Amino acid sequence: MSALNSYITFCRIHGFDIEPTPCTLALYVTFQSTYINPKSVDTYLSGIFNQLKTHFPDVREAHKSALVSHALQGAKRRFGVPTHRKLLLTKANLLHILSLYGPAPTHDNLLFLTQLFTGTDCLMRLAELTWPDQVSLRDYHKVTMRPSIEHFSDAISFWLPGHKADQFFEGNCLFIWKSSTETYCLFDSYLSSHDQLFQARPELWLCADGTIPTRAWFI
């Protein structure tokens with residue numbers, strides 16, 4: 001493993017014994033943090049521990065020692081890189097995108113807009129709206145179905161299928177409220193287009209050619 005190789009190289013360069021003592025690991029952390037992100041060094045330590053634990057029984061104590069923990073903490077403060085996040089989609093951004101498609105978008109454009117607004121309002125991940133690009137990862141148990149749609153006086157709901165983090169695989173019921181005017185109108189318009197094109201298809205999200213949108217299609 002690259003983590004173990006980097007540790008062995010470090011020991012050879014500096015003439016240290018390969019046995020992972022707290023002092024050696026702390027020096028390794030300080031040395032490596034000048035070249036790579038300290039968060040990666042933390043991950044490297046876990047890899048080194050897993051590789052050496054059968055040969056050096058005391059590596060667990062060395063890995064968890066206060067000296068190594070303080071070395072990591074200091075390295076993250078001195079060499080740490082701030083987290084870069086993408087800008088949030090604002091309501092103004094969404095309305096601007098909506099204005100670009102005009103009053104009568106095609107089915108595919110309507111699908112894109114509906115998924116964009118619905119995903120934003122319902123805090124959905126891209127994987128919950130699309131099919132994986134890799135065919136072997138596709139699973140119909142994770143596809144949202146059209147029959148799960150329910151209409152209420154003030155909302156439209158649909159069921160998001162269960163996933164591995166869902167302990168009872170019950171899924172989640174998501175609501176699109178009438179108060180979210182644009183999202184509600186887009187969703188209702190998309191349902192009409194969907195039902196007109198695909199009367200016998202159970203999948204909720206379908207492109208004009210009858211395929212489930214993939215992540216690559218959406219992006």
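Every number in this text was worked out from the coordinates using simple rules, so none of it is lab data. Because the structure is predicted, anything quoted here is derived from the model rather than measured. As a convention, Cβ positions derive from the backbone with ideal geometry for all residues, glycine included, and neighbour counts pool all protein chains shown.
Odds and ends about this structure:
- If you wrap the range 91-218 in the convex hull of its Cα atoms and look at it from every side, the mean projected area works out to 8.3 nm².
- Gyration tensor verdict on the range 55-141 (Cα atoms; rounded if a/c is under 1.5, prolate if a/b is larger than b/c, oblate otherwise): oblate
- Amide H contacts of G171: G162, H163, each under 5 Å away and 5 or more positions distant or on a separate chain (H built 1.01 Å from N in the peptide plane; Pro and chain starts excluded).
- Based on the Kirkwood approach, the hydrodynamic radius assigned to the chain is 21.6 Å, with every pair of different Cα atoms included.
- Amide H within-cut-off set for E203, under 5 Å, with H built and near neighbours excluded: R146
- Order by protection proxy (mean Cβ within 10 Å, highest first), peptides 8-17, 175-184: 175-184, 8-17
- T214 sits among other residues whose Cβ lies under 10 Å from its own Cβ, and their net charge, with Lys and Arg +1 and Asp and Glu -1, is +1.
- Helix axis angle, 91-100 relative to the chain longest principal axis, alpha carbon, degrees: 50
- Counted by Cβ distance under 10 Å from F49, the other residues give a net charge of +3, where Lys and Arg count +1 and Asp and Glu count -1.
- Kirkwood hydrodynamic radius of the range 2-79, Cα pairs, Å: 12.1
- Protection proxy ranking, peptides 112-125, 185-198, average beta carbon neighbours within 10 Å, highest first: 112-125, 185-198
- In sequence order, calculated HN-Hα J values of the range 69-78 (Karplus, 6.51, -1.76, 1.60; Hz; x Gly/Pro): 4, 5, 5, 5, 4, x, 5, 5, 6, 7
- Long-range amide H partners of A155 with built H, under 5 Å: K178
- Qualifying aspartates and glutamates (Cα of each under 20 Å from Cα of K76; at least 8 residues distant if same chain): D42
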